[in-house]
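Structure, as structure tokens:
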Amino acid sequence: MADGTELADADLARVDWDAEEFTERTFTRCRFDNARMVDLVTRQCVFDECDFSGVKLSSSVHHESAFLRCKFRRAELFGAEFHGCKLTGTVFGDTNLRPLTIDGGDWSYVSLRGADLRGLDFTGVRLREADLEGADLQKAVLRDADLSYARLLGAKLKDADLVGALTEGVDWRSVEVAGVRMDVHQAVAFAASYGIRLD
């Protein structure tokens, strides 16, 4: 496959792309079940509505690539890196996401429900309307992230850093927040969610 290739509705289950490098390739509605992509490097590639069930993406590195409305189930992302990537609407389920490097990017509408995200750094990442219900975000760094209208029901944020994050529309009432670092504006919003009036 040459750089710039476009594939649609392809069955790529169990392909072995370990240590491959892709530039500006587009995959639409492709299946990658149980494929090997360890050490894969992508640059400005697009994966649209692709299925990554059981895929091994350990130590892969992605630069300004997009994973749009994709499904990662039982996938292995140990040590993967996402630099300026877009993951809008992508769903992660029963996937190993630690450790993971995230350098900016747009993760709006992503589903990380129940995910183990302890200690991950989401500084400046757009997580608008993300589903983080039940996620473990203890000691995670969310400085300057956009968490507007994110669903955090039952999420664990103990000792997380939220300074500078946008949290409009977040319901704090069911979130574990012991030790969370907040700025003044967030603290006021948090108090308001409990009906507290600050004069």
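Rounded to the nearest 500, the helix-only mean residue ellipticity at 222 nm of the chain stands at -1500 deg cm²/dmol, with each DSSP H run of n ≥ 4 adding -39,500 (n - 2.57). Residues in region 51-65 carry Karplus couplings, in order, of 10, 10, 4, x, 6, 9, 10, 4, 6, 6, 10, 10, 10, 6, 9 Hz; the curve used is 6.51 cos²θ - 1.76 cosθ + 1.60 with θ = phi - 60°, and Gly or Pro positions show x. Close amide H pairs (under 5 Å, H built 1.01 Å from N) link Ser60 with Asp39, Leu40, Ala80, Glu81, residues at least 5 positions away or on another chain. A cut-off under 14 angstrom between Cβ atoms defines the neighbours of Arg173, and their net charge, with Lys, Arg +1 and Asp, Glu -1, is -2. Relative to the longest principal axis of the Cα atoms of the chain, the long axis of helix 184-193 lies at roughly 80 degrees. Around Tyr109, with a cut-off of 15 angstrom between Cβ atoms, what is the net charge of the other residues, counting Lys and Arg +1 and Asp and Glu -1? Here the charged neighbours net out to 0. Taking amide H positions as modeled 1.01 Å from N, with prolines and chain starts lacking one, the residues under 5 Å from Asp18 and 5 or more places away or on another chain are Val38.
Any read-out appearing in this document is the output of simple, stated calculations on the displayed coordinates, not a laboratory observation. As the structure is a computational prediction, the values presented were derived from the model and not from experiment. Backbone-built Cβ (ideal geometry, glycine too); neighbour counts: all protein chains shown.
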